[in-house]
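**Q** Here it is: the structure, laid out below.
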Amino acid sequence: MSLYTDWRNLPPAARNTVAALGNFDGVHRGHVHLLDTLRMARPDHPLSVVTFDPHPRMLFRPQDPSFRLMLPDVRAAALAEQGVDHVFQVPFDAEFSRLSADRFVNDVLVNSLGVAHVACGADFAFGHRRTGNIECLEILLAPHGIGLTIVPQLSDEGGPISSSRIRRLLQEGYPERAAEELGRLWSIAGPVMHGDQRGRLLGFPTANIPLTRHLEPARGVYAVRVTLPDGRIVPGVANIGRRPTINDGRESRLEVHLFDFNEDLYDQTLSVALIALLREEKKFSSLEELKAQIAADAAQARSILGI
């Protein structure tokens, strides 16, 4: 898979693809349905995705809390796993946001990417102030002989599968239900940072990983599986929150204790998959009470993970 972070001056090998349009945050089952539909409709061309970074919402509503299901490099890897040949990650800045609908089609899709066919969902909007819709897209593509496939949203008994629906499930503390919508476990990936080593003093050393632009799920303690850089998967227990017993910090963090593991992980990038929420965040009256609860949490996580 080839990743391009500038839509200008692309090599000839990146042209003449069939392109799926969208943000693809989470690369969930609905996104996979879109890709599969496009692949079956036009198997005669390489498959590509035209997406954006940062997410447009981050430009227009910078005051909003972080909401990303996955960061761009993880998204690109997930798209590669789905057989996407080219990912065009368009930089979405103030200048790009001012492109009119017709310039987006002519400058980006036609002249730069040279797409052969396009697919998107029925709610796809584009161009300055989202003035372009699917009817507009079809009209603008037609003179260039470029077809358009509109793919209905994939639905289950709960309704259409969407990134916003998955975010709500995570924020409500249902990672297992979010995993069903995603088609995989939801993970937070990031480098291990130096902390205050408070966990070590409590008998449970932790790897501290900043949430950065990830969505913050329900605060509390989770059973987790951690993927190391070398591909090993280690079970563990993790806390997501502000550690109210130790300090009333304003910044949430992910702290994960890996079971039966004693290796240096500083500066390594881990991927922490949430399996189940064990309990909500709670303030304890003493460190001894906290230590006893952590031991109980670890025992419960081991049981859930089948250790």
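The values are calculated or read from the model by the stated rules, or taken from the named source; none is laboratory data. Given the structure is predicted, the values throughout are model-derived calculations rather than measurements. With ideal geometry, Cβ positions are generated from the backbone for all residues, glycine too; neighbour counts draw on all protein chains shown. Heavy atoms of the whole protein, side chains included, go into the accessibility calculation; ligands, DNA and RNA do not. Shrake-Rupley method; radii C 1.70, N 1.55, O 1.52, S 1.80 Å.
**Q** Of the residues Phe88, Phe96, which single one is part of a strand (DSSP E or B), among the aromatic types (Phe, Trp, Tyr) and within 30 Å of Ala13 (Cα to Cα)?
**A** On the way: Phe96 fails: part of a strand (DSSP E or B).
Phe88 is the lone residue from the list that is part of a strand (DSSP E or B), among the aromatic types (Phe, Trp, Tyr) and within 30 Å of Ala13 (Cα to Cα).
**Q** Next question, about the same structure. What pairs come up if the first residue lies in the stretch 120-133 and is more than 11 Å from Phe104 (Cβ to Cβ) and without any contact (Cβ under 8 Å) to a residue 60 or more places away in the chain, the second is in a loop (DSSP other than H, G, I, E, B) and open to solvent by less than 70 Å² (accessible area, probe 1.4 Å), and their beta carbons are under 8 Å apart, counting only those six or more places apart or on different chains?
**A** Short answer, once both residue conditions are applied: Asn133/Phe124; Asn133/Ala125.
**Q** Looking only at residues in the stretch 271-301 that are assigned to a helix (DSSP H, G or I) and of a type outside the set (A, V, I, L, M), which one is surrounded by the fewest Cβ atoms within 10 Å (Cβ to Cβ)?
**A** Let us first name the residues in the stretch 271-301 that are assigned to a helix (DSSP H, G or I), namely 287-301.
Imposing the further condition that a residue be of a type outside the set (A, V, I, L, M) reduces the set to 288-289, 291, 293, 297, 300.
Numbers: Glu288: 10, Glu289: 13, Lys291: 15, Gln293: 15, Asp297: 21, Gln300: 16.
So, considering only residues that are assigned to a helix (DSSP H, G or I) and of a type outside the set (A, V, I, L, M), the one surrounded by the fewest Cβ atoms within 10 Å (Cβ to Cβ) is Glu288.
**Q** Restricting to the stretch 59-68, give me the number of residues that are touching a residue at least 40 places away in the same chain (Cβ under 8 Å) and open to solvent by 60 Å² or more (accessible area, probe 1.4 Å).
**A** Pass one, the stretch 59-68, residues touching a residue at least 40 places away in the same chain (Cβ under 8 Å): 65-68.
Applying the additional criterion that residues be open to solvent by 60 Å² or more (accessible area, probe 1.4 Å) yields 65.
Looking only at that region, the number is 1.
**Q** Could you tell me how many of the residues in the stretch 49-70 are part of a strand (DSSP E or B) and of a type in the set (Asp, Glu)? Lay out the reasoning, then the answer.
**A** Filtering the stretch 49-70 for residues part of a strand (DSSP E or B) gives 49-53, 68.
Retained after the next criterion (residues that are of a type in the set (Asp, Glu)): 53.
Residues in the stretch 49-70 being part of a strand (DSSP E or B) and of a type in the set (Asp, Glu): 1 in total.
**Q** Hey, another quick one. In the stretch 102-136, what residues are over 18 Å from Leu35 (Cβ atoms) and hydrophobic (A, V, I, L, M, F, W, C)? Spell out how you get there, then give the answer.
**A** Filtering the stretch 102-136 down to residues over 18 Å from Leu35 (Cβ atoms) leaves 102-108, 110-112, 114, 125-133, 135-136.
Phe104, Val105, Val108, Val110, Ala125, Phe126, Cys136 - these are the residues of the stretch 102-136 that are over 18 Å from Leu35 (Cβ atoms) and hydrophobic (A, V, I, L, M, F, W, C).
**Q** Does the stretch 15-40 hold any residues that are open to solvent by 50 Å² or more (accessible area, probe 1.4 Å), part of a helix (DSSP H, G or I) and in contact (Cβ under 8 Å) with a residue 60 or more places away in the chain, and which are they?
**A** Arg29, His33
**Q** Kindly establish whether Val105 is part of a strand (DSSP E or B) and modelled with pLDDT of 95 or more.
**A** On the way: part of a strand (DSSP E or B): no; modelled with pLDDT of 95 or more: yes.
It is false that Val105 is part of a strand (DSSP E or B) and modelled with pLDDT of 95 or more.
**Q** Going by the structure shown, is Ser163 crowded, with 16+ Cβ neighbours inside 10 Å and hydroxyl-bearing (Ser, Thr, Tyr)? Reasoning before the result, please.
**A** Working: crowded, with 16+ Cβ neighbours inside 10 Å: yes; hydroxyl-bearing (Ser, Thr, Tyr): yes.
So Ser163 fits the description; yes.
**Q** Go through the stretch 82-118 and give me each residue that's buried (at least 19 other Cβ atoms within 10 Å of the Cβ) and free of Cβ contacts under 8 Å to residues at least 40 places away in the same chain.
**A** Ala101, Phe104, Val105
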